[in-house]
Amino acid sequence: MTIAAAVHVPDIAAGVCFYGIPPASFADPTQIKIRQGHFANQDDWCTPAAVNDLETAMKSAGAAPDIHRYDAAHAFFNERSPAYNLDCANQAWDRMSGFLKAKL
């Protein structure tokens, strides 16, 4: 949801999203300005094609999205999920931490 927050909260400094894309009725991807996203290549909900479409829409609007894809399943960052992937979660944590440190 934080990726969509950048659309509705004008003073937001950073937004990080894990395997989620806001519905078009909630947030226009061309209006998302400050963002980082982490997505699973083996996701049947937030599919790689949907991630590609999001990234293309953002880039076409002049944004430079910081999109990362992982060879994992949806919920790879959730340690309580059967899909939890320690290597991918650690890599995502490091990327997110660096992004937030740079933006905040």
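The values are calculated or read from the model by the stated rules, or taken from the named source; none is laboratory data. If you're wondering where the values come from, they're calculated on a predicted model, not measured in any experiment. Ideal geometry is used to build each Cβ from the backbone, glycine not excepted, and the neighbour counts take in all protein chains shown. Note: accessible area is taken over every heavy atom of the protein model, side chains too, but ligands, DNA and RNA are not part of it. Shrake-Rupley method; radii C 1.70, N 1.55, O 1.52, S 1.80 Å.
I need a count of the residues in region 58-70 that are outside any helix (DSSP H, G or I), under 15 Å from the mean Cα position of the chain (by Cα) and of a type in the set (A, V, I, L, M, F, W, C). If you could, list the steps in order and put the result at the bottom.
We begin by selecting, within region 58-70, every residue outside any helix (DSSP H, G or I); these are 61-70.
So of that shortlist, the ones also under 15 Å from the mean Cα position of the chain (by Cα) come out as 63-70.
Next, only the ones that are of a type in the set (A, V, I, L, M, F, W, C) stay: 63-64, 67.
Qualifying residue count, region 58-70: 3.
Within region 5-17, is even one residue at pLDDT below 95, assigned to a loop (DSSP other than H, G, I, E, B), buried (at least 19 other Cβ atoms within 10 Å of the Cβ) and under 14 Å from the mean Cα position of the chain (by Cα)?
Our first condition is that a residue be at pLDDT below 95; within region 5-17, this holds for 5-17.
Add one more test, that the residue is assigned to a loop (DSSP other than H, G, I, E, B), and what stays is 9-15.
Okay, now just the ones that are also buried (at least 19 other Cβ atoms within 10 Å of the Cβ), so 15.
Those left that are additionally under 14 Å from the mean Cα position of the chain (by Cα): 15.
Yes, there is a match, as at least one residue in region 5-17 is at pLDDT below 95, assigned to a loop (DSSP other than H, G, I, E, B), buried (at least 19 other Cβ atoms within 10 Å of the Cβ) and under 14 Å from the mean Cα position of the chain (by Cα).
Yes or no, residue by residue, for (1) more than 12 Å from the chain's Cα centre (by Cα); (2) open to solvent by less than 30 Å² (accessible area, probe 1.4 Å):
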site: PRO22; (1), (2): no, yes
site: THR56; (1), (2): yes, no
site: ALA72; (1), (2): yes, yes
site: ASP94; (1), (2): yes, no
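May I ask you to list the residues in region 74-92 that are surrounded by 14 or more Cβ atoms within 10 Å (Cβ to Cβ) and outside any loop (DSSP other than H, G, I, E, B)?
Listed by number, the residues that qualify are CYS88, ALA89, GLN91, ALA92.
Give all pairs with beta carbons closer than 9 Å in which a residue from region 81-95 that is among the aromatic types (Phe, Trp, Tyr) meets a residue that is open to solvent by less than 80 Å² (accessible area, probe 1.4 Å) and part of a loop (DSSP other than H, G, I, E, B); count only pairs at least 6 apart in sequence or on separate chains.
Listed by first residue and then by second, the contacts come to TYR84/ALA75; TYR84/PHE76; TYR84/PHE77; TYR84/ASN78; TRP93/PHE77.
What about ASP44, is it within 22 Å of ALA102 (Cβ to Cβ) and part of a loop (DSSP other than H, G, I, E, B)? First the steps, then the outcome.
Working: within 22 Å of ALA102 (Cβ to Cβ): no; part of a loop (DSSP other than H, G, I, E, B): yes.
Judged against the criteria, ASP44 is not a match.
Kindly evaluate PHE99 against the criterion of being out of contact with any Lys or Arg (no Cβ under 8 Å at 6 or more places or on another chain), part of a loop (DSSP other than H, G, I, E, B) and crowded, with 17+ Cβ neighbours inside 10 Å. So that I can check it myself, show each step before the final result.
Values: out of contact with any Lys or Arg (no Cβ under 8 Å at 6 or more places or on another chain): yes; part of a loop (DSSP other than H, G, I, E, B): no; crowded, with 17+ Cβ neighbours inside 10 Å: yes.
It is false that PHE99 is out of contact with any Lys or Arg (no Cβ under 8 Å at 6 or more places or on another chain), part of a loop (DSSP other than H, G, I, E, B) and crowded, with 17+ Cβ neighbours inside 10 Å.
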